[in-house]
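This report refers to the structure that appears directly beneath it.
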Amino acid sequence: MNDELLELYSDYQLSSFGQVTATGMSDLLDGAYSHDQVTRLLSTNEFTSKTLWGMVKSTVRQVEEDDAVLIFDDTIEEKPYTDESDLIAYHYDHTKNRTVKGINLLNCLYYSQGVSIPVSYKLITKPIPYCDLKTKKVRRMSETTKNEDFRELLQISYQNQLKFKYVLADSWFCSNENMVFIKHKCHKDFIMACKSNRLVSLSEDDKKHKKSQRVDTLEFQEGQSVKV
């Protein structure tokens, strides 16, 4: 793989305001690289999360520290006019409270010493067709849940011996299984948004007797923490 060409192509995409093409990049570089070289780079290589880590590892090692954080979030690049496929599918967009068609990307961002670096990612594909019994329409589903993907990316960062203290995520990833995985498998702490209808127990005894209550019924002052 031509790392220099890959870096140039990435910079070209980030700095362009209009359509990006291999020919356009070649013209911008005054022919230093031909459009065929750009096309071969994209068609003969598989760019994965492992590829990304290989590119950013040296930079991460320069800024990493024990109090750093891993930030997980997903984003959707809408493709409303593109034919549906395993990659381009309908995903729920919580910012719009509806499903949209596009590419769904789960990303893991490393933040340390004022520097943010993407360290892993996963494209959410939906290769399994099924029939929605309610609407009688064909839908698509993933082979894994987004929470399983979350734990997979977290495990990769842990295995890469990345230094960090906290995992940050929104309420989508605030599941019991994820919290237990972070605390007991990765031995890290976490800060996550929690939906108001989540049930919590205020003591081990309450938990033992299955006594719980909704988060929005807890009585505490602003800024006060409550152990559950």
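Does Tyr92 meet the test of being of a type in the set (Ser, Thr, Tyr), at pLDDT 95 or above and assigned by the TED database to the domain that holds Ser142? Walk me through it before giving the result.
Details: of a type in the set (Ser, Thr, Tyr): yes; at pLDDT 95 or above: no; assigned by the TED database to the domain that holds Ser142: yes.
No; evaluated as a whole, the condition is false for this residue.
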Quick check on the range 153-177: of everything there that is under 23 Å from Gly54 (Cα atoms), open to solvent by less than 30 Å² (accessible area, probe 1.4 Å) and of a type outside the set (A, V, I, L, M), which residue is farthest from the chain's Cα centre (by Cα)? Phe164
Over the range 68-85, the set of residues in contact (Cβ under 8 Å) with a residue 12 or more places away in the chain, more than 13 Å from the chain's Cα centre (by Cα) and open to solvent by less than 60 Å² (accessible area, probe 1.4 Å) is Ala68, Val69, Thr82
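Any idea which of Ser58, Ser26 is among the small types (Gly, Ala, Ser) and assigned by the TED database to the domain that holds Val167? Give the derivation first.
Values: Ser26 fails: assigned by the TED database to the domain that holds Val167.
That would be Ser58, the only listed residue that is among the small types (Gly, Ala, Ser) and assigned by the TED database to the domain that holds Val167.
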Just need a number here: residues in the range 65-86 that are within 21 Å of Phe150 (Cβ to Cβ) and of a type in the set (D, E, K, R). 4
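Being closer than 28 Å to Asp170 by Cα and at pLDDT 90 or above narrows it down to one residue among Leu52, Leu14; which is it? Walk me through it before giving the result.
Values: Leu14 fails: at pLDDT 90 or above.
Leu52 is the lone residue from the list that is closer than 28 Å to Asp170 by Cα and at pLDDT 90 or above.
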Single residue of Lys122, Lys126 found to be surrounded by 12 or more Cβ atoms within 10 Å (Cβ to Cβ), assigned to a loop (DSSP other than H, G, I, E, B), among the basic types (Lys, Arg) and within 18 Å of the chain's Cα centre (by Cα): Lys126
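For Lys134, state whether it is assigned by the TED database to the domain that holds Ser58, assigned to a loop (DSSP other than H, G, I, E, B), closer than 20 Å to Ser58 by Cα and charged (D, E, K, R).
On the way: assigned by the TED database to the domain that holds Ser58: yes; assigned to a loop (DSSP other than H, G, I, E, B): yes; closer than 20 Å to Ser58 by Cα: no; charged (D, E, K, R): yes.
The answer is no for Lys134.
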Hits in the range 137-147 - residues which are open to solvent by 90 Å² or more (accessible area, probe 1.4 Å) and assigned to a loop (DSSP other than H, G, I, E, B): Glu143
What do you reckon, is Val180 open to solvent by 50 Å² or more (accessible area, probe 1.4 Å), modelled with pLDDT of 90 or more, among the β-branched types (Val, Ile, Thr) and within 28 Å of the chain's Cα centre (by Cα)? yes
Look through Val60, Val56, Val38 and report the one residue that is farther than 30 Å from Pro129 by Cβ and either touching a helix residue (DSSP H, G or I) at 6+ places or on another chain (Cβ under 6 Å) or in a loop (DSSP other than H, G, I, E, B) (or both). Val38
Looking only at the range 13-28, decide whether some residue is open to solvent by 80 Å² or more (accessible area, probe 1.4 Å) and among the aromatic types (Phe, Trp, Tyr). yes
What's the number of the condition Phe150 fails, among (1) under 21 Å from Leu106 (Cα atoms); (2) open to solvent by 40 Å² or more (accessible area, probe 1.4 Å)? (2)
Could you grab the pairs with beta carbons closer than 8 Å, sequence gap of 6+ or different chains, first residue in the range 1-29 and closer than 17 Å to Val56 by Cβ, second one open to solvent by 50 Å² or more (accessible area, probe 1.4 Å) and of a type in the set (Phe, Trp, Tyr)? none
Would you say Asp205 is open to solvent by 50 Å² or more (accessible area, probe 1.4 Å), outside the structural domain of Ser85 (by the TED database) and closer than 25 Å to Asp73 by Cβ? no
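The values are calculated or read from the model by the stated rules, or taken from the named source; none is laboratory data. None of these values were measured; they are calculated from a predicted model. Neighbour counts are summed over all protein chains in view; Cβ atoms, including those assigned to glycine, are modelled from backbone coordinates with ideal geometry. SASA here: full protein model, heavy atoms, side chains in, ligands and nucleic acids out. Shrake-Rupley method; radii C 1.70, N 1.55, O 1.52, S 1.80 Å.
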